[in-house]
Amino acid sequence: MITRTIPAYAPGVRVRDMTLADCAAVAEIRVRGWQRAYAGLIPSAYLNAMDPAQDAERRRTYLMAEGGPVNLVTEAPDAEVTGWACYGTCRDGDARPASAELYAIYVRPDRVGAGIGRSLLGEVTARALSAGFDEITLWVLKENVRARHFYDRAGFRADGAEETFEAGGALVLEVRYVRPLGPPTPSPDIHS
């Protein structure tokens, strides 16, 4: 298991491989993250029906699958799990062979802005590059301005691809972002 201490922007935070013992905490982070980030963007009934216990079972199944994606967590100095990211080979039909995809990244809502997301994204990109990928893609809700700003600052750029998915009877539009792997190319607005 790889564990790394994070730079000064997230003091004391460590990134490590996710274990089965983390599934309940990750599910709580994922569900509460959806409920906070997507309020007003996805129907409330859909968000309110999300169940951390059911999600934890899905996380356990996914984590035990052979050849599955890489799952990482951040933990605070007190060993509390504060964030989660998951990535693997890009699933898009038009993907290049050396494309990775960030499937998910979530931070505990009360820890957003503390450098945890940046820590996770940095580790994902470093590991994807080490694994031989030369770019990484992700899908983000078009109306999720905060997340899009986060990805812009990390050197990702929208490539024009869009798709929709159904959530609670509503069609939700996503846009694809891409970033070449290597040193980040942050936008000029790095102070937010």
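In nanometres, what is the gap between the two model label sites at residue 96 and residue 66, each 7 Å from Cα along Cα-to-Cβ?
Using points 7 Å along Cα→Cβ, the separation is 3.2 nm.
With r as the distance between the Cβ atoms of residue 79 and residue 149 and R0 = 30 Å, compute the FRET efficiency 1/(1 + (r/R0)^6) and round to 0.05.
0.50
Can you check what the net charge comes to around residue 164, using other residues whose Cβ is under 11 Å from the Cβ of residue 164 (Lys, Arg +1; Asp, Glu -1)?
Summing Lys/Arg as +1 and Asp/Glu as -1 gives -3.
How far is it, in nm, from the label point at residue 158 to the one at residue 21 when both lie 7 Å from their Cα along the line to the Cβ?
The answer from the label model is 4.3 nm.
Keeping every protein chain in place, order 31, 70 by accessible area at 1.4 Å, biggest value first, i.e. largest first.
Heavy-atom accessible area, descending, gives 70, 31.
If you take the square roots of the eigenvalues of the alpha-carbon gyration tensor of the range 40-101 and sort them as a ≥ b ≥ c, do you get rounded (a/c under 1.5), prolate (a/b over b/c) or oblate?
Since a/c reaches 1.5 but b/c is at least a/b, the shape of the range 40-101 is classed as oblate.
Using a 1.4 angstrom probe on heavy atoms only, work out the carbon and sulfur share of the accessible area of the chain in %. Can you show the working numbers first?
Details: 5300 of 9750 Å².
That share works out to 54 percent.
Based on the Cβ-Cβ distance of residue 57 and residue 173, what FRET efficiency does E = 1/(1 + (r/R0)^6) give at R0 = 30 Å, to the nearest 0.05?
So, using R0 = 30 Å, E works out to roughly 0.55.
Which shape class, rounded, prolate or oblate, goes with the chain when its Cα gyration tensor gives a ≥ b ≥ c as root eigenvalues, a/c under 1.5 marks rounded, and past that a/b bigger than b/c marks prolate? Don't skip to the end; give the middle numbers.
Values: a/c = 1.23, a/b = 1.02, b/c = 1.21.
Rounded is the answer for the chain, as its axis ratio a/c remains below 1.5.
Under a 1.4 Å probe, what is the accessible area of the chain per residue, stated in Å²?
51 Å²
Near the amide H of residue 100, under 5 Å away, which other amide H atoms are found, from residues 5 or more places off or on another chain, if H is placed in the peptide plane?
90, 134, 135, 136, 137
Quick check for you: which residues of the range 149-173 have the amide N under 15 Å from the point 7 Å beyond the Cα of residue 45 toward its beta carbon?
Within reach of a label on residue 45, which here means backbone N under 15 Å from a point 7 Å along Cα→Cβ, the range 149-173 contributes 167-171.
The values are calculated or read from the model by the stated rules, or taken from the named source; none is laboratory data. Everything numeric in this text was worked out from a predicted model, so none of it was measured. Here the Cβ is made from the backbone with ideal geometry for all residues, glycine too, and neighbour counts use every protein chain on show. Calculation scope for accessible area: heavy atoms of the full protein, side chains included, ligands and nucleic acids excluded. Shrake-Rupley method; radii C 1.70, N 1.55, O 1.52, S 1.80 Å.
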